[in-house]
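Here the structure is laid out as structure tokens; the discussion comes afterwards.
A short reminder: the numbers here are calculations on the coordinates, not readings from a lab. Since the structure is predicted, the reported quantities are computational estimates derived from the model, not experimental observations. Glycine also receives a Cβ, built like all others from the backbone with ideal geometry; neighbour counts cover every protein chain displayed.
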Amino acid sequence: MVSKVFLHPNYRISTLSPYELINELKTWTKEDMLAWLYWGNYNGVFTDDKIIRRLMQKMKWEEAVEVIISKVEKVRELVSL
């Protein structure tokens, strides 16, 4: 039986292997990544407007990939995949 946590489409990437995750993220735009990050933590600093106000520069695509991979690893730890 699939855990209810995986019923939301945004959790799908947490079920991918590291290789599949990287390949999936290669198909995402930075805006897709920022939307996923914002969904995962709406109080976070993931929209370009908030990033510019706090960090004075926009998040780069590569930085978004690193943050997403880190968050996916934390989800995996929580649900003990």
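Cβ under 12 Å from SER70's Cβ, SER70 left aside: what net charge do those residues give with Lys, Arg +1 and Asp, Glu -1?
Once all neighbours under 12 Å are counted, the net charge is -1.
Highest mean first, what order results for 29-36, 10-17 on Cβ atoms within 10 Å?
The densest-packed peptide leads the list: 29-36, 10-17.
In nanometres, what is the gap between the two model label sites at ASN23 and LEU78, each 7 Å from Cα along Cα-to-Cβ?
Roughly 2.7 nm, to one decimal.
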